[in-house]
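The values are calculated or read from the model by the stated rules, or taken from the named source; none is laboratory data. None of the values given here were measured: they were computed from a predicted structure. Note that each Cβ is placed from the backbone with ideal geometry, even for glycine, and that neighbours are counted across all protein chains shown. Surface accessibility is based on the protein's heavy atoms, side chains included, excluding ligands, DNA and RNA. Shrake-Rupley method; radii C 1.70, N 1.55, O 1.52, S 1.80 Å.
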Amino acid sequence: MSRRAIGWAAGVAAGVLVAAGAVTYAVADSDSGSGSGDAKAAQKTPSADSADAGFARDMAVHHQQAVEMSYIVRDHTKDEDVRRLAYDIAQTQANQRGMLLGWLDLWGLPKVSADPPMTWMGMGGMVTAKDGSLMPGMATNTQMRKLATLNGKQAEVFYLQLMTNHHKGGIHMAEGCVAKCTVGVEKRLAQGMVDAQQSELQVMAQMLKERGAEPLS
(Lines give C-alpha, C1' and ligand atoms only; values in the text may rest on other atoms or scores of the structure.)
Protein backbone atom coordinates (compact mmCIF):
# COMPACT_ATOMS: atom_id res chain seq x y z
CA MET A 1 0.00 0.00 0.00
CA SER A 2 1.51 3.29 -1.05
CA ARG A 3 1.87 6.18 1.35
CA ARG A 4 -0.03 8.27 -1.17
CA ALA A 5 -3.11 6.02 -0.91
CA ILE A 6 -3.01 6.00 2.87
CA GLY A 7 -2.49 9.75 2.91
CA TRP A 8 -5.50 10.22 0.65
CA ALA A 9 -7.73 8.22 2.99
CA ALA A 10 -6.36 10.15 5.94
CA GLY A 11 -7.07 13.38 4.10
CA VAL A 12 -10.69 12.39 3.67
CA ALA A 13 -10.99 11.70 7.39
CA ALA A 14 -9.23 14.95 8.28
CA GLY A 15 -11.58 16.88 6.03
CA VAL A 16 -14.54 15.38 7.85
CA LEU A 17 -13.09 16.48 11.18
CA VAL A 18 -12.41 20.03 10.06
CA ALA A 19 -15.87 20.44 8.59
CA ALA A 20 -17.61 18.95 11.61
CA GLY A 21 -15.42 20.70 14.15
CA ALA A 22 -16.10 24.08 12.61
CA VAL A 23 -19.80 23.74 13.33
CA THR A 24 -19.79 21.67 16.52
CA TYR A 25 -20.49 24.65 18.76
CA ALA A 26 -22.97 26.15 16.35
CA VAL A 27 -25.49 23.32 16.65
CA ALA A 28 -27.94 25.29 18.70
CA ASP A 29 -27.87 28.24 16.31
CA SER A 30 -27.79 26.42 12.99
CA ASP A 31 -30.35 23.75 13.81
CA SER A 32 -32.60 25.48 16.28
CA GLY A 33 -33.08 28.49 14.01
CA SER A 34 -33.88 31.98 15.07
CA GLY A 35 -37.22 33.17 16.27
CA SER A 36 -39.20 33.07 19.46
CA GLY A 37 -36.41 31.72 21.62
CA ASP A 38 -37.19 29.01 24.15
CA ALA A 39 -40.27 27.55 22.45
CA LYS A 40 -38.56 27.10 19.11
CA ALA A 41 -35.32 25.83 20.62
CA ALA A 42 -37.24 23.27 22.69
CA GLN A 43 -39.05 22.09 19.60
CA LYS A 44 -35.76 21.51 17.79
CA THR A 45 -33.84 19.84 20.64
CA PRO A 46 -33.77 16.04 20.13
CA SER A 47 -35.49 13.85 22.68
CA ALA A 48 -33.72 11.10 24.63
CA ASP A 49 -35.32 8.41 22.45
CA SER A 50 -34.65 10.16 19.14
CA ALA A 51 -32.41 8.84 16.38
CA ASP A 52 -30.11 11.82 16.98
CA ALA A 53 -29.52 10.89 20.62
CA GLY A 54 -29.42 7.15 19.95
CA PHE A 55 -26.83 7.51 17.23
CA ALA A 56 -24.69 9.80 19.37
CA ARG A 57 -24.73 7.35 22.27
CA ASP A 58 -24.18 4.19 20.23
CA MET A 59 -21.54 5.56 17.89
CA ALA A 60 -19.58 6.96 20.83
CA VAL A 61 -19.33 3.41 22.20
CA HIS A 62 -18.55 1.97 18.77
CA HIS A 63 -15.81 4.55 18.19
CA GLN A 64 -14.23 3.97 21.60
CA GLN A 65 -13.43 0.37 20.72
CA ALA A 66 -11.88 1.42 17.40
CA VAL A 67 -9.62 3.83 19.26
CA GLU A 68 -8.55 1.12 21.72
CA MET A 69 -7.95 -1.37 18.91
CA SER A 70 -5.86 1.10 16.96
CA TYR A 71 -3.59 1.95 19.86
CA ILE A 72 -3.05 -1.74 20.57
CA VAL A 73 -1.76 -2.44 17.07
CA ARG A 74 0.45 0.68 17.07
CA ASP A 75 2.31 -0.86 20.00
CA HIS A 76 2.55 -4.29 18.37
CA THR A 77 3.97 -3.59 14.92
CA LYS A 78 6.76 -1.54 13.39
CA ASP A 79 5.09 -1.36 9.98
CA GLU A 80 4.78 2.35 9.23
CA ASP A 81 1.76 2.02 6.93
CA VAL A 82 -0.29 0.14 9.53
CA ARG A 83 0.87 2.43 12.32
CA ARG A 84 -0.07 5.50 10.27
CA LEU A 85 -3.50 4.10 9.41
CA ALA A 86 -4.13 3.11 13.04
CA TYR A 87 -3.11 6.54 14.28
CA ASP A 88 -5.37 8.29 11.77
CA ILE A 89 -8.34 6.10 12.72
CA ALA A 90 -7.70 6.60 16.43
CA GLN A 91 -7.43 10.38 16.14
CA THR A 92 -10.42 10.74 13.83
CA GLN A 93 -12.73 8.56 15.86
CA ALA A 94 -11.63 9.99 19.21
CA ASN A 95 -12.44 13.49 17.96
CA GLN A 96 -15.78 12.40 16.50
CA ARG A 97 -16.61 10.66 19.77
CA GLY A 98 -15.97 13.92 21.60
CA MET A 99 -18.37 15.73 19.26
CA LEU A 100 -21.10 13.14 19.78
CA LEU A 101 -20.82 13.25 23.57
CA GLY A 102 -20.62 17.05 23.45
CA TRP A 103 -23.90 17.23 21.58
CA LEU A 104 -25.58 15.04 24.19
CA ASP A 105 -24.36 17.50 26.83
CA LEU A 106 -25.57 20.44 24.75
CA TRP A 107 -28.99 18.83 24.41
CA GLY A 108 -29.12 17.97 28.12
CA LEU A 109 -29.53 14.26 27.36
CA PRO A 110 -28.05 11.22 29.15
CA LYS A 111 -25.05 9.45 27.65
CA VAL A 112 -26.48 6.02 28.50
CA SER A 113 -29.89 4.49 27.90
CA ALA A 114 -31.87 1.61 29.37
CA ASP A 115 -32.89 0.68 25.81
CA PRO A 116 -30.78 -1.89 23.92
CA PRO A 117 -28.25 -0.54 21.42
CA MET A 118 -29.62 0.20 17.95
CA THR A 119 -33.15 0.75 19.26
CA TRP A 120 -33.19 4.08 17.41
CA MET A 121 -32.71 2.12 14.17
CA GLY A 122 -35.56 -0.25 14.97
CA MET A 123 -33.06 -3.02 15.72
CA GLY A 124 -33.14 -3.03 19.52
CA GLY A 125 -34.66 -6.49 19.74
CA MET A 126 -32.52 -7.92 16.94
CA VAL A 127 -29.01 -7.14 18.19
CA THR A 128 -27.69 -9.61 20.76
CA ALA A 129 -24.64 -8.56 22.73
CA LYS A 130 -22.08 -11.35 22.78
CA ASP A 131 -18.80 -11.36 24.66
CA GLY A 132 -18.61 -7.59 24.68
CA SER A 133 -19.67 -7.11 21.06
CA LEU A 134 -22.55 -4.72 21.72
CA MET A 135 -23.29 -3.64 18.14
CA PRO A 136 -22.69 -4.85 14.56
CA GLY A 137 -19.03 -4.86 13.63
CA MET A 138 -17.70 -4.61 17.17
CA ALA A 139 -14.97 -7.05 18.17
CA THR A 140 -15.59 -9.43 21.06
CA ASN A 141 -13.64 -9.25 24.29
CA THR A 142 -11.92 -12.47 23.26
CA GLN A 143 -10.82 -10.94 19.96
CA MET A 144 -9.52 -7.82 21.68
CA ARG A 145 -7.47 -9.95 24.09
CA LYS A 146 -6.11 -11.98 21.17
CA LEU A 147 -5.05 -8.81 19.31
CA ALA A 148 -3.08 -7.74 22.37
CA THR A 149 -1.09 -11.01 22.28
CA LEU A 150 -0.02 -10.72 18.62
CA ASN A 151 2.95 -8.95 17.12
CA GLY A 152 4.26 -7.99 13.69
CA LYS A 153 2.45 -9.29 10.63
CA GLN A 154 -0.01 -11.36 12.70
CA ALA A 155 -1.09 -8.26 14.63
CA GLU A 156 -1.37 -6.27 11.41
CA VAL A 157 -3.57 -8.84 9.69
CA PHE A 158 -5.86 -9.39 12.67
CA TYR A 159 -6.23 -5.65 13.23
CA LEU A 160 -7.11 -5.06 9.58
CA GLN A 161 -9.63 -7.89 9.70
CA LEU A 162 -11.26 -6.62 12.89
CA MET A 163 -11.27 -3.02 11.72
CA THR A 164 -12.80 -4.01 8.37
CA ASN A 165 -15.78 -5.52 10.18
CA HIS A 166 -15.84 -2.58 12.58
CA HIS A 167 -16.05 -0.09 9.70
CA LYS A 168 -18.80 -2.06 7.98
CA GLY A 169 -20.88 -1.96 11.16
CA GLY A 170 -20.10 1.72 11.66
CA ILE A 171 -21.12 2.57 8.10
CA HIS A 172 -24.44 0.79 8.62
CA MET A 173 -25.10 2.86 11.74
CA ALA A 174 -24.00 6.12 10.13
CA GLU A 175 -26.26 5.49 7.14
CA GLY A 176 -29.09 5.02 9.64
CA CYS A 177 -28.41 8.46 11.07
CA VAL A 178 -28.27 10.01 7.60
CA ALA A 179 -31.75 8.58 7.02
CA LYS A 180 -33.28 9.15 10.46
CA CYS A 181 -31.49 11.97 12.31
CA THR A 182 -33.02 15.45 12.23
CA VAL A 183 -30.10 17.64 13.38
CA GLY A 184 -28.37 18.84 10.25
CA VAL A 185 -24.82 18.96 11.60
CA GLU A 186 -25.11 15.42 12.96
CA LYS A 187 -26.46 14.12 9.64
CA ARG A 188 -23.48 15.74 7.89
CA LEU A 189 -21.03 14.19 10.32
CA ALA A 190 -22.67 10.79 9.79
CA GLN A 191 -22.36 11.13 6.01
CA GLY A 192 -18.73 12.12 6.46
CA MET A 193 -18.18 8.93 8.48
CA VAL A 194 -19.68 6.88 5.66
CA ASP A 195 -17.44 8.51 3.06
CA ALA A 196 -14.23 8.29 5.10
CA GLN A 197 -14.74 4.73 6.30
CA GLN A 198 -15.62 3.47 2.82
CA SER A 199 -12.31 4.93 1.64
CA GLU A 200 -10.48 3.25 4.51
CA LEU A 201 -12.14 -0.08 3.68
CA GLN A 202 -10.53 0.07 0.23
CA VAL A 203 -7.15 0.83 1.79
CA MET A 204 -7.47 -2.02 4.29
CA ALA A 205 -8.57 -4.51 1.61
CA GLN A 206 -5.39 -3.77 -0.32
CA MET A 207 -3.25 -3.99 2.81
CA LEU A 208 -4.73 -7.41 3.64
CA LYS A 209 -4.09 -8.58 0.08
CA GLU A 210 -0.46 -7.49 0.32
CA ARG A 211 -0.15 -9.64 3.44
CA GLY A 212 -1.74 -12.70 1.80
CA ALA A 213 -4.86 -12.44 3.95
CA GLU A 214 -8.59 -11.87 3.49
CA PRO A 215 -11.32 -10.25 5.59
CA LEU A 216 -12.98 -12.36 8.26
CA SER A 217 -16.07 -14.23 7.13
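Residues checked against (1) modelled with pLDDT of 50 or more; (2) not in a helix (DSSP H, G or I):
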residue	(1), (2)
12	no, no
34	no, yes
41	no, no
54	yes, no
84	yes, no
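What are the residues in region 145-161 that are open to solvent by less than 30 Å² (accessible area, probe 1.4 Å) and under 21 Å from residue 200 (Cα atoms), if any?
Scanning region 145-161 gives 147, 152, 155, 156, 157, 158, 159, 160, 161.
Can you tell me which residues in region 98-115 are assigned to a loop (DSSP other than H, G, I, E, B) and either touching a strand residue (DSSP E or B) at 6+ places or on another chain (Cβ under 6 Å) or surrounded by fewer than 16 Cβ atoms within 10 Å (Cβ to Cβ) (or both)?
108, 110, 111, 112, 114, 115
Looking only at residues of region 168-198 that are open to solvent by less than 70 Å² (accessible area, probe 1.4 Å) and free of Cβ contacts under 8 Å to residues at least 40 places away in the same chain, we find that the one that is farthest from residue 49 (Cα to Cα) is 197.
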